[in-house]
Amino acid sequence: MTSFQKAAMSFLSVVAIGIIGLIIWVYQTKWTAPLGPALQTPVSTPLKLAPTWTPNPNATSPLLSTLVPASTSQTVPSPEATSTNAFGLCGMPSVMTILAIGSDTRSDQYLYGLADAIRLIRIDSVTPKITVLEFPRDLWVAIPDIADNLNGQDHEKLNQAYLYGNPGFGYTNDPAQGPGLLARTLALNFGTHIDHYAAMNMRTFVKVVDAVGGIDVTLPDVVDGRTTDDTNERLFFPEGENHLDGTRALTLARTRVDGVFQRADHQNLVLCALRKKLTTPEVITSIPDLIKSFQGAVQTDLSPQQLSQLACIGAELKPENIIFTGFPEDIFAQDRIYDPVFKKDMFVWNADYDILNDYVDQFNNGTWPHSTPSYVAQPKDKGDTLICQ
């Protein structure tokens, strides 16, 4: 295999977890310039943020960015500043965390759309290893910046932070828009450490899968998403191997007839299957179509230089070191809360946020999940993990 083929396949293995199509910008942008506004992670002081946040002009790197309130020149060190002084393979920081967002919008724009999938991707460039943590979208959380637009209400579902931050609503002055407001919401409520973001809409996802000729997903059980209102066969997926085009892959990833945790399992299986397809030699011939499918269709603040570093890390990754995980399901309970905005009771997940914060702290430090599971490529169960093969 030529060095070019190895580099291309390495990159595509990384993209399978949500950042694939960004390679297009290598040919269109200055090498070190971010492709979008950098994140502005706030200090963890709930509901006491300055109304406008601006990047620290003295910051020397997007990875070492600090924040200053618009009304003062005082700098606030980023919580990741100390950890990014050490570097691992390919010139990357020893740890980089990317917020990956799957938007439920079907258009080519990002004016609106809820965060249908919310995942943190922790990249350990020393091991190297990638761990992906899924956040339930129906958590009731404090969201910065929205109170002035919602008659003083400062809480909503987690997935709405992304919606309110994007231009359709524009409830924030954060230059990173929806991804920026969602990142700040996660930091405010759970103490996450996020360096970068990448958001992709449904239409782009379909284009990616179709560009590589579909994917093969092996299901341990039948997935039947048919309901009394919709009995179409497109919602039925038999046990075993299923070859899926982009539309069918998206349908499986969004099926939640048995609950949102199972939907997260489906999404992880789809991503594993996509990663497997993208690392096959024959997919090299699909690179032009793949690049075309991503043109202008993602939100991200990664730079071409950082994408090159991710591609380099991809060359060193072993399949068993790409791990999907989630919070234990038994710490969540179904609940309903009255939402003054919608003037009705809304479904939410009730959980002890101290417990969630503890898991996030361990995830930030790379100490959770503690060990690999005894099975491979099966859906997680109560906090177990899934290894891509």
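Nothing in this text is a laboratory measurement; each read-out follows from the coordinates by a stated rule. Computed from a predicted structure; not experimentally measured. Note that each Cβ is placed from the backbone with ideal geometry, even for glycine, and that neighbours are counted across all protein chains shown.
Descriptive notes on the structure:
- Across Lys207/Lys343; Lys157/Lys276; Lys207/Lys318; Lys157/Lys318, pairs whose alpha-carbon gap is larger than 31 Å: Lys207/Lys343; Lys157/Lys276; Lys157/Lys318
- Relative counts (whole %) of C-alpha pair distances in the stretch 84-207, using bins that are 5 Å wide: 2, 11, 20, 22, 17, 13, 9, 4, 1, 0
- Our summary gives the stretch 164-277 a relative contact order of 20 percent, counting only alpha carbon pairs under 8 angstrom and 6 or more residues apart.
- Efficiency of FRET between Asp148 and Val222 - r from beta-carbon atoms, R0 41 angstrom, step 0.05: 0.25
- Anchor Lys277: aspartates and glutamates whose Cα lies under 20 Å away (excluding residues fewer than 8 positions away in-chain): Asp210, Asp216, Glu239, Glu241, Asp245, Asp265, Asp289, Glu316, Glu320
- Convex hull of the stretch 149-250 built on C-alpha atoms - directionally averaged projected area, nm²: 10.1
- Per-q log10 I(q)/I(0), the stretch 191-235, q = 0.22 Å⁻¹ (Debye; single scatterer per alpha-carbon; no solvent): -0.96
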